[in-house]
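Notes to accompany the following structure.
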């Protein structure tokens, strides 16, 4: 009986643990003269061809600001992901050593669609999801981001575990088509960056985002502990939103 009780508890805890951890990079870019976001997507897709040929486990998403303030120094963000550190450095190596030679061999070598700077890399911890089939997802999907600071004595693992538990409550309440992630700095951040992590929530369709928006207060009224626990863990600011489009996926 003790064995089965322990096994049950371990399964319950596993269900509330983070789903996975990968590596992510973000490059902040401006359109070059005469170029459009369609040119950006085409250029990303072209890199996807090279990435696939090189055997890289890598995908790339294009983010465009929706409600991200009026003083942004960029037009769009390139967001890339690898399943692990080995894949990250292998892809960086193929890009640095082989990509431009590959481009020179192509019949068409278009002018760059944009100029990127300020690249950063982060650990990407997926804390909870309620997924829907690929064919039901929008091409461009809503993402919401915020920069967060841990309260005194709180660990990042507590945030991750709490989000996983809250995610189960959301699924029980009928929320579908969403995911939550916690990003922590890895490379490229300034020493005085004043936050501990970046919170990202995303939805697979704008319809699901709207349903969440309209039903969220009722959910909090039914589960006041969600807001109370979040406030006890951290404080977040600089809420901003983007539309994101997956251009290619050469990962596992």
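Specify which of the listed residues (138, 147) is closer than 21 Å to residue 63 by Cα, buried (at least 16 other Cβ atoms within 10 Å of the Cβ), at pLDDT 95 or above and more than 15 Å from the chain's Cα centre (by Cα).
Sole residue among the options that is closer than 21 Å to residue 63 by Cα, buried (at least 16 other Cβ atoms within 10 Å of the Cβ), at pLDDT 95 or above and more than 15 Å from the chain's Cα centre (by Cα): 138.
Filtering the stretch 54-88 to residues that are over 19 Å from residue 249 (Cβ atoms) and without any contact (Cβ under 8 Å) to a residue 40 or more places away in the chain leaves 70, 71, 72. All conditions but one from (1) within 13 Å of the chain's Cα centre (by Cα); (2) at pLDDT below 95 apply to residue 59; the one that does not is (2). Filtering the stretch 166-182 for residues that are under 26 Å from residue 61 (Cα atoms), out of contact with any helix residue (DSSP H, G or I) (no Cβ under 6 Å at 6 or more places or on another chain) and free of Cβ contacts under 8 Å to residues at least 12 places away in the same chain leaves an empty set. Any residue that is surrounded by 13 or more Cβ atoms within 10 Å (Cβ to Cβ) and part of a loop (DSSP other than H, G, I, E, B) - is there at least one of those in the stretch 154-165? Yes, the stretch 154-165 has at least one match. Applying the condition of being over 20 Å from residue 120 (Cβ atoms) and in a loop (DSSP other than H, G, I, E, B) to the stretch 180-236 and asking which residue is nearest to the chain's Cα centre (by Cα) yields 204. Scanning the stretch 185-207 for residues that are touching a residue at least 60 places away in the same chain (Cβ under 8 Å), farther than 24 Å from residue 135 by Cα and surrounded by fewer than 16 Cβ atoms within 10 Å (Cβ to Cβ) turns up 187, 188, 189.
Residue pairs whose Cβ atoms lie under 7 Å apart, separated by 6 or more positions or on different chains, with the first residue in the stretch 121-134 and surrounded by 21 or more Cβ atoms within 10 Å (Cβ to Cβ) and the second in a helix (DSSP H, G or I), are 125/160; 127/160; 127/163; 127/164; 127/167; 128/163; 128/164; 128/167.
Within the stretch 33-50, the set of residues being touching a strand residue (DSSP E or B) at 6+ places or on another chain (Cβ under 7 Å) and surrounded by fewer than 15 Cβ atoms within 10 Å (Cβ to Cβ) comprises 45 only.
The values are calculated or read from the model by the stated rules, or taken from the named source; none is laboratory data. What you see is a predicted model; the values in this text were computed from it and never measured. Every residue, glycine as well, gets a Cβ built from its backbone with ideal geometry; the counts of neighbours run over all protein chains shown.
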